[in-house]
Amino acid sequence: MQTTAPAAALPPIIAGPIARRVTSSRLVLWLALSAPLDLRLYLYRAGEAAPLLTADFPSATAEQVRLGRHAFVRLIDLQPAEPLPVDELLEYDLRVTPADDQGSPGELLTKLLPDLCYPGQARPTLVIRSQLTDLVHGSCRKPHFDGPDALLRLDDLIGTAPAEPMSRPALLVMSGDQIYCDDVAGPMLAAIHQVVERLGLYPERLAGATVADSTELMAADAGYYRREELLPHTSANRALQDIFFGGAKKPIFTTASAHNHLITLAEVAAMYLLVWSPTLWPMIHLDRHRPPRPLPAKLAARYAAECPVIERFGDGLARVRRALAHLPVYMIFDDHDITDDWNLTRGWEEAAYGHPFSRRIIGNALIGYWLFQGWGNDPARCGALLDAARRCLPPEGSERPAASTEPAPADDPTPVPPLAAEPDDGPYPQDQLIDRLLDFEHWHYSLPTSPKLVVLDTRTHRWWSESSLAKPSGLMDWEELSELQQTLMHEEAVVMVSAAPVLGVKLIENVQRVFTWLGLALLVDAENWMAHPGSANVMLNIFRHRRTPRHFVILSGDVHYSFVYDAVLRFRTHTPLIWQITSSGLKNAFPHVLLRWFDRLNLWLYGTSSPLNWLTRRRRLRLRARRPNGNRRRRLYNGSALGRVRLDASGTPVDIRLLTADGGEVAFPKPP
């Protein structure tokens, strides 16, 4: 890693472009910029010199949100007058001009980021597929997991034949835990704080905590490896909680890895920039022998061990950025994008949202999710959120952010104040935006593909338990499941994305059920569809409904292992065909010995002919597990991988496999 670069070295594009919603009627690109820029988009048919169309996106009217002196999140949303060509290679480029350079021709994206193109290609490319017959999916990408990043396999996949439009998948689905706000390595937190300083990301004041603002938080003794002392966590922390929260009611942050839990919006934004892009990493200085502050010997050794893992993660990001610029990417949150066990029980929700500090922590992560993930999924639904975010920006001419010690550059004489500057009366503007996001009801979305792609929100529309505050909530409530059923009506086939598997491993689900009976649902992450009778029965009824699809392909992640189930309804001649395809994680894994025993015991206790199946909620379904690479002894695969699914014209999977992080492949052949 190099030492911090001077201010003049900061490039105009610090992350992206990432291709987001890409259809024949809409083309959306996501970028993070260091300055206001006028952009001109050029779209070409492959190999043609004259553009198919051009479109201007001036900074003055841009869909963008400013997060700091040198940080702008920007969306390019092209809605052409005529449908864009499908099933052929399209090339694109951007002309980038500083907003204050009148008459300047600016520079092309391909000149600014020459490594964005594959060998032999002059520009980045996209393909709009008429049929959803090939897709890739994955989840759970933890930077400090000590193993390779399977998302790099996507770069291999596209780079094998970058000029062949039908050889690449139609799209990438990221089904949760794209970042880990609640589980952060010490060196990653150090890198985050360097980015906060370098970009002048807005500081904020923190209500309900003894530290007044983000500056004091970053300087606190517990700021590295001891943030669980600052977070509401367990009864063992009661004395520290009383000091930190002044004896107020305590919410419960349940993660066991909260030592460096992200708290401020600046920290969340910096994490995304470091996870999506290589641009800022050469400006980061990490010294494994000199952590940002003195640490006890045990923690200093941990910091030193984590440094090379984080550095290896940064080394692969140029390939990640290139791949995400060439393939439409669709995302949905799971809990670690916000915090572990997010909205698991009604008691958790009442406690967590009832205190201003925990509400801010959750809200900051949700702002980050919207800006860096959710906005690009379906921009048409986000207009009100964009207006609310703009209203939260501070007025020009206020005093400079307290968190930055970097002198203001000569070309930026107008300083900017904190996003959450405290007004004389009323709530913080940032809290007003958080309120809007917590009330937002359209995180779920669908695509008009064939078959239709439907992405579920299994986090913010929970079906509360009526009998106990501590029992797990259903992953979707009755109203949302009813809306889902209407979305699916009269479709012949559907690809449905649920972060948690709808049809999970029965033994593990029953272990979670036992812990729930003991009042320990939070201890075992009892977040499965069958944990709540209401949501389980409604989802199973959707499968049984005669007007819902005959082919269900369910893509999931969350669990840190991979498996495939084929399912049909018992006692039905014309049953729908259901495939539960789980790929998890991209950079994570389950404890190997424990999963091996779970796999064996599940096969012994819940095999196809086992009478114990009749004691489960899905007894009306008959499941058959596919064997990875035909291995007779295994049903579950444990290892970082990217999932790939090929479908025929009817929506039936004809090839299901994992592209493993070590360069191999694991196939799940159809059961005999």
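The values are calculated or read from the model by the stated rules, or taken from the named source; none is laboratory data. Note that the structure is predicted; figures quoted are calculated from it, not measured. Backbone-built Cβ (ideal geometry, glycine too); neighbour counts: all protein chains shown. We work out accessible area using only protein heavy atoms, side chains counted, and drop any ligands, DNA or RNA first. Shrake-Rupley method; radii C 1.70, N 1.55, O 1.52, S 1.80 Å.
Some values worked out for this structure:
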| quantity | calculated |
| --- | --- |
| Ordering of 652-664, 182-194, 288-300 by packing [mean C-beta count within 10 Å, highest first] | 182-194, 652-664, 288-300 |
| Å² of accessible area per residue within the chain, as computed with a 1.4 Å probe and no ligands counted | 38 Å² |
| In nm, spacing of pseudo-spin labels at residue 648 and residue 468 (7 Å Cα→C-beta vector) | 4.7 nm |
| Nitroxide proxy distance, nm - points 7 Å out along Cα→Cβ at residue 222 and residue 601 | 3.6 nm |
| Bridge type composition, the chain - antiparallel percent by DSSP, nearest 5 | 75 percent |
| Number of Lys pairs (Cα under 27 Å; 8 or more positions apart or on different chains) in the chain | 11 |
| Debye, to nearest 20: dipole size of the chain, +1 on Lys, Arg Cβ, -1 on Asp, Glu Cβ | 3340 debye |
| Base-10 log of normalised Debye intensity for the chain (one unit scatterer per alpha-carbon) at q = 0.07, 0.12 Å⁻¹ | -0.44, -1.39 |
| Convex hull volume per residue in cubic angstrom - Cα atoms of the range 327-395 | 116 Å³ |
| Sum of -39500 (n - 2.57) over DSSP H runs of 4+, divided by residues of the chain (222 nm, nearest 500) | -7500 deg cm²/dmol |
| Chain lengthening between residue 315 and residue 99 when straightened (0.36 nm per residue, less Cα-Cα) | 74.6 nm |
| Compactness of the range 52-176 as Cα Rg over 2.2 N^0.38 Å, two decimals | 1.27 |
| FRET E, pair residue 670, residue 48, Förster distance 51 Å, beta-carbon r, rounded to 0.05 | 0.75 |
| Relative contact order (%) - the chain, alpha-carbon pairs under 8 angstrom, separation at least six | 15 percent |
| 17 Å cut-off, amide nitrogen to a point 7 angstrom out along residue 571 Cα→Cβ, residues in the range 541-558 | 541-546 |
| Carbon + sulfur, % of accessible area of the chain - ligands and nucleic acids excluded, 1.4 Å | 53 percent |
| Equivalent ellipsoid semi-axes - Cα gyration tensor, the range 130-235, angstrom | 40, 16, 14 |
| The range 80-140 versus the range 574-628: alpha-carbon centroid distance in Å | 41 Å |
| At 1.306 mPa s and 10 °C, Stokes D of the range 545-672 from Kirkwood alpha-carbon radius, µm² per second | 102 µm²/s |
| Computed over the range 16-121, Cα set: Rg, Dmax in Å | 14.0, 41 |
| For a label point 7 Å along the Cα-to-beta-carbon line of residue 82, residues of the range 22-64 with backbone N under 19 Å | 23-27, 41-56 |
| Gained length - residue 122 relative to residue 257, 0.36 nm times residue gap less alpha-carbon distance | 44.1 nm |
